Amino acid sequence: MSTSVNPRRTFAIISHPDAGKTTLTEKLLLQGGAIHLAGEVKARGQARRARSDWMKIEQQRGISVTSSVMTFEKEHEGQAITFNLLDTPGHEDFSEDTYRTLTAVDSAIMVIDAAKGIEPQTRKLFEVCRLRSVPIITFVNKVDREGRDPFETLDEVADMLALDVSPQMWPIGMGGLFEGILDFRTGEVARPEGDSKEYLGKREANATIPEQYVEEYELAQAGYPEFDLEAYRNGDLTPVYFGSALKNFGVEELIDAIARYAPPPRPQPAGEQQITPDHDEVTGFIFKVQANMDPMHRDRIAFMRQVSGTFKRGMKLTPSGLGKPIAVHSPILFFAQDREIADTAEPGDIIGIPNHGTLRVGDTLSEKNQIRFTGLPNFAPEILRRVQLRDPTKTKQLRKALDDLSEEGVIQVFYPVIGGSSIVGVVGQLQLEVLISRLEAEYKVEAALEASPFATARWLKGPDAALDDFERFNQGNLARDRDGDLVFMAKSPWDVGYQEEKNPDLKFSATKER
Ligand code: GDP
């Protein structure tokens, strides 16, 4: 009997709304031995919502508030590989969770609309990937439609993101002229078939390609760097695939690229140490907590990215925030197709752990309770609001609630140094709605959110003297976070740049490591 474990590829898709993330996800799941079949990505969410009253807001708005995990398996060169795809909420549900999910993956696929190029949300998510040098494979989608010149797209990626680009495929025409995709690695052309002009498996080894496209692809091969695995894994180079998620072009090649090039589960820093997957105990960290909005059910699901060891159902793990072990009896294992597999999980896998508020974002879980993972950041808020209490006698309850909720990772809270009402910061609008409902439901605090003069925040670091100086002159723009760390409240991104220039001894950081 073989005890060998499938290699893991844990990744996310980063994109701007409408670029085709959902369509591509469906196609990836369909190509692999998916646990959830294509067409079910959205339907699955609805079924889940119908089954439980998991989140009121989720039901009201018909969207999934937090990321989920999808797993599929595919054979690559005789070896079965398990792919864990972590969903990054992207439309109205864009939030700090979207960013945090990127701290739990080993690589990402960046989906770009061939007609639109790099859009704002893609860029933001890319910056988060860059913070941790997450390797990126680029998929230029919708080549079955009229798009920009592929060279323009490649140059935009290279210039805007300061990345080397290495095309791995080339579209033969686009839109009405689309004749297929040439794979540089195999030399084969995938052809559209029938009225739907889909890719149904037809490939030609020695295809005749119209002259103008021959010139084009030869230029593309000669004009850009060759693929370099090390540069890709360091986050310095992105291989670029062209395709159509809708018509199924380039999807096989994309899965093949993840299998072939994307890194296996990485070591995770814990202070000075690096904990590798073969570390001799089960360890992991919580990157997301999903709370039930029903005040009668204070249950939560904490999502743990496993870093090392082989997890078994019922195992006792100690959360760093709690100090005493908890038994993980009913974990949610996302590849629960086969009972036997469902009882264990490996490094790179995600485990959902039901709990009653004991597990917090950033917590380490481990068997021996000796290590603490580091490098799990808070992200600078993009929306800041003043919290106005309706009932001024509830100041204490409000403070407790804001501290709790910020510790849980729902919001960030900032206390202005010269008094006044607390300011909450979030990455996405939905977090504010979650805040207001939870304040009412769980803390019986009625509050309103009002505009604040601030647009973003930066954690301040530097020599004491420089900090003191800065504090003296900028009191009105300073606050402390829940740990008491000094934060510069900026009225605009320009304001940040201006202060950075004026105070070269200080570091204005857009993230804060726990
Ligand atoms: P998401 O918002 O990124 O998840 O994007 P969706 O997957 O929902 O796609 C947005 C729209 O673009 C939908 O109408 C899709 O049918 C369409 N779409 C996605 N991929 C393609 C593609 O490759 N070609 C064309 N023509 N349309 C696509």
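The values are calculated or read from the model by the stated rules, or taken from the named source; none is laboratory data. Since the structure is predicted, the reported quantities are computational estimates derived from the model, not experimental observations. We place every Cβ from the backbone using ideal geometry, glycine too, and count neighbours over all the protein chains shown.
Has segment 386-407 got at least one residue that is of a type in the set (Val, Ile, Thr), surrounded by 18 or more Cβ atoms within 10 Å (Cβ to Cβ) and closer than 22 Å to Gly90 by Cβ?
The answer is no; no qualifying residue exists.
Gln121 meets all of the listed conditions (1) within 13 Å of the ligand (Cβ to nearest atom); (2) part of a loop (DSSP other than H, G, I, E, B) but one, namely (2).
Looking at the structure I just gave you, is Lys324 exposed (fewer than 15 other Cβ atoms within 10 Å of the Cβ) and at pLDDT below 95?
Values: exposed (fewer than 15 other Cβ atoms within 10 Å of the Cβ): yes; at pLDDT below 95: yes.
Yes, satisfied.
Pairs linking a residue in segment 174-202 that is assigned by TED's automatic domain parsing to the domain that holds Ile255 and part of a loop (DSSP other than H, G, I, E, B) to a residue that is crowded, with 17+ Cβ neighbours inside 10 Å and among the acidic types (Asp, Glu), with Cβ atoms under 6 Å and 6 or more positions apart or on different chains, are Phe178/Asp144. Reported count of residues in segment 261-287, each being in contact with a helix residue (DSSP H, G or I) (Cβ under 9 Å, 6 or more places away or on another chain) and either more than 11 Å from Leu376 (Cα to Cα) or of a type in the set (Ser, Thr, Tyr) (or both), is 3.
So, in segment 1-36, of the ones that are within 16 Å of the ligand (Cβ to nearest atom) and assigned to a loop (DSSP other than H, G, I, E, B), which residue ends up modelled with the lowest pLDDT? Once the filter is applied, the top-ranked residue is His36. For segment 235-280, a residue qualifies if it is of a type in the set (Val, Ile, Thr) and in a loop (DSSP other than H, G, I, E, B), and exactly one does: Thr276. It is to be established whether one or more residues within segment 87-106 are more than 11 Å from the ligand (Cβ to nearest atom), among the hydrophobic types (A, V, I, L, M, F, W, C), surrounded by fewer than 21 Cβ atoms within 10 Å (Cβ to Cβ) and at pLDDT 95 or above. No - not one qualifying residue is present in segment 87-106. Can you spot a residue in segment 417-428 that is in contact (Cβ under 8 Å) with a residue 40 or more places away in the chain, surrounded by 21 or more Cβ atoms within 10 Å (Cβ to Cβ) and assigned to a loop (DSSP other than H, G, I, E, B)? The answer is yes, given that some residue of segment 417-428 is in contact (Cβ under 8 Å) with a residue 40 or more places away in the chain, surrounded by 21 or more Cβ atoms within 10 Å (Cβ to Cβ) and assigned to a loop (DSSP other than H, G, I, E, B).
Would you check if Val134 is within 15 Å of the ligand (Cβ to nearest atom) and at pLDDT 95 or above? So that I can check it myself, show each step before the final result.
Details: within 15 Å of the ligand (Cβ to nearest atom): no; at pLDDT 95 or above: yes.
In short, no.
Of the listed requirements (1) more than 16 Å from the ligand (Cβ to nearest atom); (2) under 29 Å from the mean Cα position of the chain (by Cα), Arg148 misses just one: (1).
Residue by residue, here is whether (1) in a loop (DSSP other than H, G, I, E, B); (2) within 14 Å of Phe285 (Cβ to Cβ) holds:
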site	(1), (2)
Gly348	yes, yes
Ile351	no, yes
Pro354	no, no
Gly357	yes, no
Arg360	yes, yes
Leu365	no, yes
Lys368	yes, no
Phe373	yes, yes
Pro381	yes, no
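Would you say Gly284 is modelled with pLDDT of 95 or more, among the small types (Gly, Ala, Ser), surrounded by 15 or more Cβ atoms within 10 Å (Cβ to Cβ) and more than 16 Å from the ligand (Cβ to nearest atom)? The answer is yes for Gly284. Here Gln268 fulfils each of the conditions (1) over 29 Å from Arg514 (Cβ atoms); (2) surrounded by 14 or more Cβ atoms within 10 Å (Cβ to Cβ); (3) polar (S, T, N, Q) apart from (1).
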